[in-house]
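Structure, as structure tokens:
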Amino acid sequence: MIFSKLLASAMLGFASFLLAPSALAAGLATEEVSGSFVEAGLNPAVLSKALKAYEEHQDVVENERYIGIIDYTRHSSEPRFFVHDLETGETEVLLVSHGRGSDAAHTGRPVRFSNTPGSKMTSVGAYVTAETYHGKHGLSLRLDGLSETNSRARERAIVIHGADYVAPGRTIGRSWGCPAVERRLAGDLIEKFKGGAFLYIHGEEPDELAQVASAS
């Protein structure tokens, strides 16, 4: 089974990503896809978790061309939203905000995550993109949570949108839980990422980070 082989490859450190049928038709090799993610700086351990989540939820993925992974272990001044195009094999990495409640001290690093309405925190886990709409932030993209940790995403109005407080060269502003991107890039991202693309959001709380450090 293709997926099983790719998952095994990722666990061995090759950071292989799932190839959708459209990517296979385009003739992209597993090594090419893996190389694109690695060159873009994606942590193989985060990719491995995303692969497992994709395997669980691949039946709801309708937009098979694009896959997104956000790694919130990175500082907000660093690009950390990886968007991979399975057709071209290219990966772009964008700045993205995290929730105000996840980083109360505004250090640039989220340390708490929640699915609770009103928490203004980021919710980790697997998502699938849904429909677009025009709201107070302009063109926005609704997200449906697929994990227990983000099952109330739609209720909480967790969406992808553009924001002026997301800009390079500084600790970027915080949202109310939404993964906001640079306003100048939002329209293009939303148009290609809408309609059932897979998104995985990864984050670790301090106790989890301590466990990883002690195990290494």
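The values are calculated or read from the model by the stated rules, or taken from the named source; none is laboratory data. Computed from a prediction, not measured in an experiment: that's the story for all the values here. Please note: Cβ atoms are built from the backbone with ideal geometry, for glycine as well, and neighbour counts cover all protein chains shown.
In segment 39-60, the residue that is nearest to Val111 (Cα to Cα) out of those that are surrounded by 17 or more Cβ atoms within 10 Å (Cβ to Cβ) and of a type in the set (A, V, I, L, M, F, W, C) is Val46.
When Pro117 is tested against (1) in contact (Cβ under 8 Å) with a residue 40 or more places away in the chain; (2) out of contact with any strand residue (DSSP E or B) (no Cβ under 9 Å at 6 or more places or on another chain); (3) over 28 Å from Phe37 (Cβ atoms); (4) not small (Gly, Ala, Ser), just one condition goes unmet, and that condition is (1). Considering each residue of segment 91-113, count those that are assigned to a loop (DSSP other than H, G, I, E, B) and over 16 Å from the mean Cα position of the chain (by Cα), and give that number. Result for segment 91-113: 8.
Return yes or no: is Leu7 modelled with pLDDT under 95, in contact with a Leu (Cβ under 7 Å, 6 or more places away or on another chain) and part of a loop (DSSP other than H, G, I, E, B)? Against the criterion (modelled with pLDDT under 95, in contact with a Leu (Cβ under 7 Å, 6 or more places away or on another chain) and part of a loop (DSSP other than H, G, I, E, B)), Leu7 does not qualify. With respect to the conditions (1) at pLDDT below 95; (2) closer than 24 Å to Leu143 by Cβ, Tyr72 lacks only one, and its number is (1). Inspect all residues belonging to segment 59-81 and state whether any of them is in a helix (DSSP H, G or I) and among the hydrophobic types (A, V, I, L, M, F, W, C). Yes, that holds for at least one residue. The residue that is surrounded by the most Cβ atoms within 10 Å (Cβ to Cβ), among those in segment 89-114 that are of a type in the set (A, V, I, L, M) and touching a residue at least 12 places away in the same chain (Cβ under 8 Å), is Val96.
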